[in-house]
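FYI, it's all coordinate maths here, none of it is from the lab. Just so it is clear, the structure is predicted and the values come from calculations on it, not from any experiment. Don't worry about glycine lacking a Cβ; one is built from the backbone with ideal geometry, like all the others, and counts go over all protein chains shown.
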Amino acid sequence: MLSFIKEIELPFKIPTPDKTIKIAVTGLSRSGKTVFLTSLINQLIANDKLPYLNEKLKRPFVARLLPPDSVYVRFDYYSKIKAFRLKDPKWPKATKSVSKTTLQLEFKSEYAFLKNQIVNIELIDYPGEWLLDLSMLEQDYAEWSEAMRSLAQEEKRYPYAKEWLEFVKGADLYRRNRDESVEEVMHDHYSEYLKRLHYQGYSFVQPGRFLEPGDMQDDPLLRFCPLPTPSNEPHPDSVYAQFAKRYEQYIQEVVKRLYLEHFQAFDTQIILVDLLKTMEHGYDVFEDMHLSFKNILKSFTYGSNNILTRFFKPEINQVIFAATKADHLPQSQHNRYKRLLEEMIWDLKKELDVRHIDTEATVFAAVKSTRDVKAKIEGKEVDCIRGIVEGEHEPSTHFPGMLPQSYHDENFLKKGDFHLTKFKPISFPLRDTHAVEHIRMDKLIYSILKDRV
Ligand SMILES: Nc1nc2c(ncn2[C@@H]2O[C@H](COP(=O)(O)OP(=O)(O)O)[C@@H](O)[C@H]2O)c(=O)[nH]1
Ligand SMILES: [Mg+2]
């Protein structure tokens, strides 16, 4: 019977049903989310630089942005692309709020009498700093405080945290407090510590709103910080009791709301990893970035007894880890870059594998702002990149240095031989008939679409 069924050849393919794909573009702040979304839309609308995608899909399509849904702020592709199209093009400004858009792909059906397939891709942009707060949903104030305080006491963080820790030590935390300014100073010290960490390239900083408050600038709700847990019940008007109350309120009204509204039921998660940042700042920042991703993934995908699964359906069945901004390296180093990415995510990948979640690691650039050239350094020909450095007007040639073979390479960054140059973006073509140059965006887009169209 089975073999009989196998032999039947239908005269046409059964049309694939319409779909909506929700993509979580996940990434720490400045990892390249906004640039990626802009390039993604640009690439799919123009579809003139996606040979790999078209060859693999073998299905002609048109892409269009749907009119904005009035409930949400629109991810404004047009204003972002306008800045990229200037004679002196600009990278987008840091993202300060959540915005959304839907890109509709219409695939030509095999026969004229069959309906075309519609695939709506829902995209969301948000400040990367807020993402890390997700793991706070699992912790009450005392647990969170203990975790943050022990992190702050680690050798690498302590120098930045010292002033805050000292101030807390000298303050009266558990008795009735009549001086509100103490709370303010304590909070400011803690925020200052987070800002310093962030500046040094660290990403695991909570709460993210202390760095990027969005519309909560000066909101008294944010006036708290981690404190040592008391052994006896603190006075209800003590600093501790006030902070604990605000923390709970922050979790309920800000963090939970954000995730209930925007971070549910994703199909695919693309994790943008700015590994070049670890090249710039060294091993501590690499470890810290790993810690951040571990926390982020835990929140999105972990087991059924997790409190988070009550709020989110962890339906993600595919996670793509993508090392960004590969145009900072000559192509001959892209394999190394990928190996470093694989090194960073190897344990995360294993966790996802046992949960039947597909993973992939790739290296790409959403906007290729340099080109590969050869140059002679001390008489030896080396692979370099050429682009316009920020603040300059003419292109220049740069050798970024060699990436290490491994993060465990003893010489990793000790010699200070990796130089990260910030390039201006190249100008985008003036009309959507042509897309911007990229590196492997077509492979990345194919990975997203392959099982869905
Ligand atoms: N050369 C290059 N730089 C990039 C690329 N994507 C992002 N960047 C740089 O990274 C910065 C942060 O990117 P953005 O998308 O705003 O990060 P977000 O905070 O994750 O949204 C940009 O201002 C650029 O300087 C890329 O594809 N190539
Ligand atoms: Mg952004």
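Return the sequence-ordered ³J(HN,Hα) values of the range 321-326 in whole Hz as given by the Karplus equation 6.51 cos²θ - 1.76 cosθ + 1.60 applied to θ = phi - 60°, using x for Gly and Pro.
Those phi angles translate into 8, 10, 6, 8, 6, 4 Hz.
Taking just the alpha-carbon atoms of the range 234-299, what radius of gyration and Dmax come out, in angstrom?
Cα radius of gyration and Dmax of the range 234-299 are 17.5, 48 Å respectively.
Among Thr95, Thr421, Thr359, which comes first, second and so on when ranked by fewest other beta-carbon atoms within 10 Å?
Thr421, Thr359, Thr95
Give me the percent relative contact order of the chain, please, defined on Cα pairs under 8 angstrom at least 6 residues apart.
20 percent
List the residues, sorted by chain then number, that are 5 or more residues from Val363 or on another chain and whose placed amide H is less than 5 Å from its amide H.
Ala323
In whole angstrom, how long is each semi-axis of the equivalent ellipsoid of the chain, when you take the square root of 5 times every eigenvalue of its Cα gyration tensor and sort them from largest down?
41, 30, 21
Can you sort Met441, Met402, Met148 from fewest to most other Cβ atoms within 10 Å of each residue's own Cβ?
Met402, Met148, Met441
In degrees, nearest 10, range 0 to 90: what is the angle between the Cα axis of helix 283-301 and the longest Cα principal axis of the chain?
Once rounded, the angle reads 80 degrees.
Among Ser70, Ser99, rank each residue by its count of other Cβ atoms within 10 Å, from fewest to most, as a rough exposure measure.
Ascending number of Cβ neighbours within 10 Å: Ser70, Ser99.
Can you pull the one-decimal nm distance between simple spin-label points at His393 and Asp409, each 7 Å off the Cα toward Cβ?
If labels sit at His393 and Asp409, their model points lie 3.8 nm apart.
So for the range 357-453, Kirkwood radius off the Cα pairs, Stokes-Einstein at 20 °C and 1.002 mPa s: how many µm² s⁻¹?
130 µm²/s
Please list the equivalent ellipsoid semi-axes of the range 134-259, computed as the square roots of five times the alpha-carbon gyration tensor eigenvalues, in descending order and whole angstrom.
21, 18, 14
For the range 134-259, what does the relative contact order come out to in percent, with C-alpha contacts under 8 Å and a separation of six or more?
This gives 39 percent for the range 134-259.
From Cα coordinates alone, what are the radius of gyration and Dmax values for the range 65-139 in angstrom?
Here Rg and the maximum Cα pair distance are 17.5, 56 Å.
Once amide H atoms are placed 1.01 Å from N in the peptide plane, what residues at a sequence separation of 5 or more from Ile121, or on another chain, have their amide H within under 5 Å of its amide H?
Sorted by chain and number, the residues that satisfy this are Ile21, Leu103, Gln104, Leu105.
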